[in-house]
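Structure first, then comments.
The values are calculated or read from the model by the stated rules, or taken from the named source; none is laboratory data. Please read these numbers as outputs of a predicted model, since none were measured by experiment. Virtual Cβ from ideal backbone geometry, glycine too; neighbours counted across all protein chains shown. Surface areas here come from the heavy atoms of the whole protein model, side chains and all, with no ligands, DNA or RNA. Shrake-Rupley method; radii C 1.70, N 1.55, O 1.52, S 1.80 Å.
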Amino acid sequence: MSSISTNLGDPNDGHGHGHGGHAHSHNPFLAHHFDTPEQQFTTGKLGMWVFLGTELLMFGGLFCAYAVYRHNHPEVFMYAHTYLDKWWGAVNTVVLLVSSFTMAWGVRAAQLGQKGLLCVLLVLTLLGGAGFMVIKGIEYKAKWEHHLFPGRLNVYNKDYAGPEKPGEAHDTHGAAGVSHGAAAAQGHDHAHDTGVAGKPVVEHANLATGAEAAPRSEGAETAPQAPKPGEHAEVAAMAKPVDGPKIPVSFFDPNSLGAASDAAKIVPKSGGPAGLAASEAAHGHAAHMAYGDLPARDKVRVNTFFSIYFMMTGLHGVHVVVGMGLIAWILIKGATGIFGPSYYTPVDLVGLYWHLVDLIWIFLFPLLYLIH
Amino acid sequence: MSAITTPNQFDVPAKGNEPHGHNYLNHSKGILSWMFTLDHKRIGLMYMALVLFAFFLGGTFAMLLRTELIAEGPTLLADKTQAWNLYNHMFSLHGAVMVFLFIIPAVPAILGNFILPMQLGAKDVAFPRLNLLSLYVYAAGAAFFLYVLLSGVINAWTGYTMPGGFGLDTGWTFYTPYSSSKSMSSVIPATGGAFILGFSSILTGVNFIASIHTLRPKGMGWFDMPLFLWGLYATSIIQILATPVLAITLMLLIAERAMGIGIFDPALGGDPVLYQHFFWFYSHPAVYIMILPAMGVISEIISTFSRRHIFGYTFIAYSSIAIALLGFLVWGHHMFTSGQSALTNVAFSLITFSVAIPSAIKVFNWVTTMYKGSIRLETPMLYGIGFIWMFSIGGLTGIFLAALSVDIHMHDTYFVVAHFHYVMVGSMLFAFIGGMNYWFPKMFGKMYNERVAAFAAILLFIGFNLTFFIQFVAGSHGMPRRYANYPVQFVSHHYWSTIGAYIMGLSLVIVLFNWVAALLNGKKAPANPWGSNTLEWQSASPPPHDNFPTTPVVTDPYDLDRWRYVSDDEGWVLTDEAKAAIAAGTARTGQLH
């Protein structure tokens, strides 16, 4: 306890003391099964790195699922990622990067025994984590409102039974949906480039297009669609004769599923299907496509993108929350002034964990938001 | 008592035989002193209680399903509608409980926890609190499986279905889409339990890796370690690299079942073969989580009871690492019939063949260690020799299954069942019980009845081979696995297999009762009853709370000439030359290779 009060009283004194005779005098932080503080620190750091390795492998499973589905169904990713708001994603990336910086600085402050600075930096890091989660919440809320949650809550899911039936989506969104749909179909890239404010429009437009086309996959025989105005109708007309009859089959046709048919999986990377080529010719831009442009076998897989998106960002969000808990813990410990040159292991290890959380997001952001 | 008259710092503690000496068991009293202990030895014992209970449950399921198969037609487990559902639940629970709750934690969590720090001459593992946490995480995962079991029992008796479903009828592999959308059983509680158990396994792995890296004493380089530590190190590599993939797989499966996210379910656009890839990416390396520590145990036993320095130390050490790394590249051999491309099949087949190389290196080195040794057929050695015998059979039949054309015929038959039971039970279980007998005196300071233990070992060997060798024959004749009934030509196969299972059950009961009897009435164990030179034998039996009064002097762990036999009561003590070398500071031989 004497060293604690020393550190509390005068960080510089604690510094000198730590470098001096701490290693062999009684150290309250040295566990009985270690010979030296250095051995204890090395052990803790090694253990943390090994644990971070397991974290990477855990996310690795999700990255692998992502790679498999994106490789097998590139159009799904091209189409569905337009629902994500890359501006919020970019803001979140900056927020997390800055919080990583304050965390790294905090480790330095702990090493130097600068209690006040450490606390300020940890609070800033916590705020960064909280800001990230709030922005993530805003994004999730938009997905919730547009019935894009994973599983049966996703409007593209075969078993979707939400309050807003896909058929009604058109009525609900009404004229706005149609008119924006036309605008979006003609100038997707323009709508995107207008930034955050323009984004909800695009989401509505896509939803309207998608939601109208989606029921056609199952209801084409029984409920023929009314003609749509403008570009939208053209998309519908293009989709209907080609894709309509096939889709019910593709739900149950083993040839369209999994490894049963390798040939069915192979999709040309360049040129693309007729729909994509047409839209490319019309707009000079291949990045954004309409639901109708999707190959028939991909129309049932749009929900898969959202499943992967939510599993990846959800697991990452859990890690952010855990990291915030850890940072709060070392903030409370740090406020008592126990960290200094002779003992800063917890700050260092939590810092490593926080950097990993940041690093994973740096991979998630382009993979999910910036698909071209 | 004549050998040691003046105990000093390098002697085996003379108090080792004292019944009331200060040791880790009586270091502190009360239930709380156990529940919150950070002592790796006590944590190992608590693991032992839980894991052996899981083994009892899994064994009971095995007995029930073998009883169903004793005769053709419905015997025990067919329900009123003759739907055989109970049989499906029984083999699923048998597999899941045995794999996740028994085989994977048994050697690392019980023997590893107890012995690893002692073989390092250390006072504890690197992270004692994580170690305790892993125990409680294990208990939480086990509770999920108890819930699954309870839900099945309640449903069978009352027809009431508890939240989550009843029982488990998916097999231990939880293959989609049956598990994700069709099964009525408690898939989410069971996979949730396996998910949690995975973290227990990861924490143990992190702990062991950090311990071996940083807690080795002065003078113990990597190639001065006992081979049991190499086995545990290789195991830990797999635990930390493969288990997280299982975790994410089971999480996706739970989400698939709960929400229908469409990753694995083909009806939703998912890919069921992707599930199999994910699952076996963990579960094939998991086979090596089971066998590698067992091989480490066998290396210790074979050397000690042959009174010979282990032959080919470096090869055995490296082959452990080789098996661990190759084990990551062979998962596809579980899926030869799942529609992989022919090229993938060939690649996985070839790499699978190559696993035979490090495995054979180990077997040859063990046999060479025994060659011209003065072999003592005490109980641990009986298990050790049984291990070599049955691991050879299990390994060689693995070569059959790695061959693509043969596997098409053998896939999902009793041949596969027999093959992996020879590895998991014939090898791993034998190493586990052999290791338990080997370290029992160290753990409890008591000797078990040698004749009863040897009898049980031989009976277990007979029962095991009777149960499973005939399954090779049945399988090669086309008897498929997981079936509750069978055509008449398999009647005698199944009859004798079930008789063998009963013999196994009986011998395991004898093993258990022998241990309990030893705990109650056993003779006091000497510090070193076998004359082994690894560091744990240089502490008292049972060891004191901090393992060693002073850090022991590190020597070649297989330099058995440093010890001489005194009597059954005193066991083996250091020779005068060894003591003189320690006193002169020249004890470290370091002549391993």
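Selection of the stretch A:333-372 for residues being without any contact (Cβ under 8 Å) to a residue 40 or more places away in the chain, open to solvent by 20 Å² or more (accessible area, probe 1.4 Å) and of a type outside the set (Lys, Arg) yields A:Leu359, A:Pro366.
Would you confirm whether or not the stretch B:71-90 contains a residue that is more than 13 Å from the chain's Cα centre (by Cα), crowded, with 18+ Cβ neighbours inside 10 Å and either without any contact (Cβ under 8 Å) to a residue 60 or more places away in the chain or within 14 Å of chain A (Cβ to nearest Cβ) (or both)? Yes, some residue in the stretch B:71-90 is more than 13 Å from the chain's Cα centre (by Cα), crowded, with 18+ Cβ neighbours inside 10 Å and either without any contact (Cβ under 8 Å) to a residue 60 or more places away in the chain or within 14 Å of chain A (Cβ to nearest Cβ) (or both). Out of the stretch A:112-148, which residues are open to solvent by 40 Å² or more (accessible area, probe 1.4 Å) and in contact with a Gly (Cβ under 6 Å, 6 or more places away or on another chain)? Within the stretch A:112-148, just A:Lys115 meets the criteria.
Let me confirm something: among B:Trp280, B:Trp230, which residue is over 18 Å from the mean Cα position of the chain (by Cα), closer than 18 Å to B:Leu325 by Cα and more than 10 Å from every other protein chain (Cβ to nearest Cβ)? Explain how you work it out, then say what you get.
Working: B:Trp230 fails: over 18 Å from the mean Cα position of the chain (by Cα).
The match here is B:Trp280.
Scanning the stretch A:71-118 for residues that are under 17 Å from A:Ile327 (Cα atoms) and either acidic (Asp, Glu) or free of Cβ contacts under 8 Å to residues at least 40 places away in the same chain (or both) yields a total of 8. Of the candidates B:Leu350, B:Leu253, the single residue that is of a type outside the set (Gly, Ala, Ser) and without any contact (Cβ under 8 Å) to a residue 40 or more places away in the chain is B:Leu350. Among the residues making up the stretch B:233-249, those that are facing chain A (nearest Cβ under 10 Å) and of a type in the set (A, V, I, L, M) are B:Ile237, B:Ile240, B:Leu241, B:Ala242, B:Val245, B:Leu246, B:Ala247, B:Ile248. With a requirement of 3 or more residues that are open to solvent by 10 Å² or more (accessible area, probe 1.4 Å) and out of contact with any Asp or Glu (no Cβ under 8 Å at 6 or more places or on another chain), the helices (runs of 4 or more DSSP H) lying completely within the stretch B:409-496 that satisfy it span B:414-421, B:450-476. Provide a single number: the residues in the stretch B:451-509 that are aliphatic (A, V, I, L, M) and touching a Phe, Trp or Tyr at 6+ places or on another chain (Cβ under 7 Å). Residues in the stretch B:451-509 being aliphatic (A, V, I, L, M) and touching a Phe, Trp or Tyr at 6+ places or on another chain (Cβ under 7 Å): 7 in total. Just one of the listed residues (B:Leu76, B:Leu130, B:Leu168, B:Leu65) is out of contact with any Leu (no Cβ under 6 Å at 6 or more places or on another chain) and within 24 Å of B:Leu50 (Cβ to Cβ), namely B:Leu65.
Which of the residues spanning the stretch B:15-45 are touching a residue at least 60 places away in the same chain (Cβ under 8 Å), outside any loop (DSSP other than H, G, I, E, B) and open to solvent by 40 Å² or more (accessible area, probe 1.4 Å)? Once the filter is applied, which keeps residues that are touching a residue at least 60 places away in the same chain (Cβ under 8 Å), outside any loop (DSSP other than H, G, I, E, B) and open to solvent by 40 Å² or more (accessible area, probe 1.4 Å), the stretch B:15-45 yields B:Lys15, B:Asn17. Looking at B:His94, is it out of contact with any strand residue (DSSP E or B) (no Cβ under 8 Å at 6 or more places or on another chain) and surrounded by 24 or more Cβ atoms within 10 Å (Cβ to Cβ)? When the stated conditions are applied, B:His94 does not pass them. Scanning the stretch B:335-361 for residues that are open to solvent by 30 Å² or more (accessible area, probe 1.4 Å) and away from chain A (no Cβ under 14 Å) yields B:Val346, B:Ala347, B:Leu350, B:Ile351, B:Phe353, B:Ser354, B:Ala356, B:Ile357, B:Ala360, B:Ile361.
Filtered by the rule that a residue be open to solvent by less than 50 Å² (accessible area, probe 1.4 Å) and free of Cβ contacts under 8 Å to residues at least 40 places away in the same chain, the stretch B:138-153 gives a lone residue, B:Ser151.
Quick check on A:Gly89: is it farther than 30 Å from B:Phe264 by Cβ and surrounded by 18 or more Cβ atoms within 10 Å (Cβ to Cβ)? Spelling it out, it is not the case that A:Gly89 is farther than 30 Å from B:Phe264 by Cβ and surrounded by 18 or more Cβ atoms within 10 Å (Cβ to Cβ). Consider the stretch A:28-45 and keep the residues that are within 7 Å of another protein chain (Cβ to nearest Cβ) and open to solvent by 50 Å² or more (accessible area, probe 1.4 Å). The one that is nearest to B:Pro117 (Cα to Cα) is A:His32.
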